[in-house]
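For reference, the structure discussed in these notes is given below.
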Amino acid sequence: MAYAAVDQDLRLIALDEGELDEIAAFVGGQKAAFVAVSSPRRPNQGLMKKEEIRNQLKPVPKPGRWLGYRVAEYQLRQRQIHIMRTCSDQQKCPNWMRRGFEVYRKLESLGCRDYEAPESQPSRGVVSKMMEVYPHGIYTALLGLVPFPKNSLEGRLQRQLVLHNQGLDIPDPMRIFEEITRYRILKGTLSLEGLYDAPQLDALAAAYTAWVAATTPGQVSIFGHPKEGQIVFPVAELNPRY
């Protein structure tokens, strides 16, 4: 799994890949940490089948529709942010989701608590927090539009550039254009040094969101229901549609 960590000044202190135990050891070694995980918090709890939940949503879902989605997934899809549906049966979830559930359980064993709405967070004590994030949605919110495909060259440039513009201590991706010449393209020696790959950029987006939640909680928005998982975004509000 790719993971990234930043300090309170947005300086990059870790960007690597590792197994769960290695990542847990890194988190456990911190006095306190805000940890963002790019995976659903838990399997679908069936809340979209409950009328009292559906009636609180805007717009109210049509009868018989969206029953297999989590509340957060419904809310994001109403804004034209595509997100995968989370199954209620953990064994039917894809491997990356099941691995995410393991990450949350490990973090809980380390004493991490779920991140809550800013106004309901206790101010006393130093407690590590964990939160669900969605990198595609993060980049959509920061850019104000749906980004290029994340594995494409333009998608990687776009994502790294917007994080660089937010103040994250990472290389300016536009520098690679200084290395692009007719000769290098013809010879196949184009260097992309300093440009991160898609898993690294997803990890950096998660780390940035955790930093915003920790330092300026009034500048985050939260979607979903606490009983099944809330997705945190590093912006005060999302656009009605993207």
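The values are calculated or read from the model by the stated rules, or taken from the named source; none is laboratory data. From a predicted model like this one, the values you see are computed outputs, not experimental measurements. So basically every Cβ, Gly included, is an ideal-geometry build from the backbone, and we count neighbours across all protein chains shown. Note: accessible area is taken over every heavy atom of the protein model, side chains too, but ligands, DNA and RNA are not part of it. Shrake-Rupley method; radii C 1.70, N 1.55, O 1.52, S 1.80 Å.
Collect the residues in the stretch 85-95 that are in a helix (DSSP H, G or I), more than 18 Å from the chain's Cα centre (by Cα) and either exposed (fewer than 12 other Cβ atoms within 10 Å of the Cβ) or among the hydroxyl-bearing types (Ser, Thr, Tyr) (or both), keeping them in residue-number order.
Matches in the stretch 85-95: Gln91, Lys92.
Among the numbered criteria (1) surrounded by fewer than 12 Cβ atoms within 10 Å (Cβ to Cβ); (2) assigned to a helix (DSSP H, G or I); (3) of a type outside the set (A, V, I, L, M, F, W, C); (4) out of contact with any Phe, Trp or Tyr (no Cβ under 8 Å at 6 or more places or on another chain), which single criterion is violated by Glu154?
Here Glu154 clears every test but (4).
Yes/no per residue for (1) over 12 Å from the mean Cα position of the chain (by Cα); (2) farther than 21 Å from Lys150 by Cβ:
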site	(1), (2)
Gly167	yes, yes
Ile176	yes, no
Lys187	yes, yes
Leu195	yes, no
Ala206	no, no
Gly218	yes, yes
Ser221	yes, yes
Lys227	yes, yes
Gln230	no, yes
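Output yes when any residue across the stretch 23-39 is within 28 Å of Leu168 (Cβ to Cβ) and among the hydroxyl-bearing types (Ser, Thr, Tyr), and no when none is.
Checked against the condition, which is being within 28 Å of Leu168 (Cβ to Cβ) and among the hydroxyl-bearing types (Ser, Thr, Tyr), the stretch 23-39 yields at least one hit.
Write out, first by first residue and then by second, each pair whose Cβ atoms fall under 7 Å of each other, whose residues are 6+ apart or on separate chains, and whose first residue, in the stretch 1-24, is free of Cβ contacts under 8 Å to residues at least 12 places away in the same chain while the second is open to solvent by less than 80 Å² (accessible area, probe 1.4 Å).
Ile13/Ala5; Ile13/Val6; Ile13/Asp7
Report every pair of residues separated by at least 6 positions or lying on different chains whose Cβ atoms are under 6 Å apart, first residue within the stretch 59-83 and closer than 24 Å to Pro149 by Cβ, second among the small types (Gly, Ala, Ser) and open to solvent by 70 Å² or more (accessible area, probe 1.4 Å).
Sorted first by the residue in the stretch 59-83, then by its partner, the list stays empty.
For Arg79, state whether it is over 17 Å from Ile222 (Cα atoms) and not polar (S, T, N, Q).
No; evaluated as a whole, the condition is false for this residue.
Tell me, yes or no, whether the stretch 114-131 has at least one residue that is surrounded by fewer than 19 Cβ atoms within 10 Å (Cβ to Cβ) and at pLDDT 95 or above.
Among the residues of the stretch 114-131, at least one is surrounded by fewer than 19 Cβ atoms within 10 Å (Cβ to Cβ) and at pLDDT 95 or above, which makes the answer yes.
If I ask for residues that are modelled with pLDDT of 95 or more and open to solvent by 60 Å² or more (accessible area, probe 1.4 Å), which ones from the stretch 26-50 would you list?
Scanning the stretch 26-50 gives Phe34, Gln45, Lys49, Lys50.
Search the stretch 148-176 for residues that are free of Cβ contacts under 8 Å to residues at least 40 places away in the same chain and pair each with any residue that is in a loop (DSSP other than H, G, I, E, B) and among the small types (Gly, Ala, Ser) when their beta-carbon atoms are under 8 Å apart and the residues are at least 6 apart or on different chains.
Pairs that qualify, where the first residue is free of Cβ contacts under 8 Å to residues at least 40 places away in the same chain and the partner is in a loop (DSSP other than H, G, I, E, B) and among the small types (Gly, Ala, Ser), are Pro171/Gly194; Pro173/Gly194; Arg175/Gly194; Ile176/Ser191; Ile176/Gly194.
Residue by residue through the stretch 51-84, note down the ones that are among the basic types (Lys, Arg), surrounded by 14 or more Cβ atoms within 10 Å (Cβ to Cβ), out of contact with any Lys or Arg (no Cβ under 6 Å at 6 or more places or on another chain) and part of a loop (DSSP other than H, G, I, E, B).
Arg70
Which of the numbered conditions does Tyr196 fail, given that it passes all the others? Conditions: (1) modelled with pLDDT under 95; (2) in a loop (DSSP other than H, G, I, E, B).
Of everything listed in (1) modelled with pLDDT under 95; (2) in a loop (DSSP other than H, G, I, E, B), Tyr196 misses just condition (1).
Which pairs do you get when a residue that is under 19 Å from Pro199 (Cα atoms) and assigned to a helix (DSSP H, G or I), found in the stretch 96-111, comes within reach of a residue that is aliphatic (A, V, I, L, M) and open to solvent by 70 Å² or more (accessible area, probe 1.4 Å), reach meaning Cβ atoms under 8 angstrom, with the pair 6+ apart or on two chains?
From residues that are under 19 Å from Pro199 (Cα atoms) and assigned to a helix (DSSP H, G or I), the pairs are Arg99/Met1; Val103/Met1.
Tell me, which residue of the stretch 196-241 that is acidic (Asp, Glu) and surrounded by fewer than 20 Cβ atoms within 10 Å (Cβ to Cβ) is nearest to Leu12 (Cα to Cα)?
Of everything passing the filter in the stretch 196-241, Asp197 is nearest to Leu12 (Cα to Cα).
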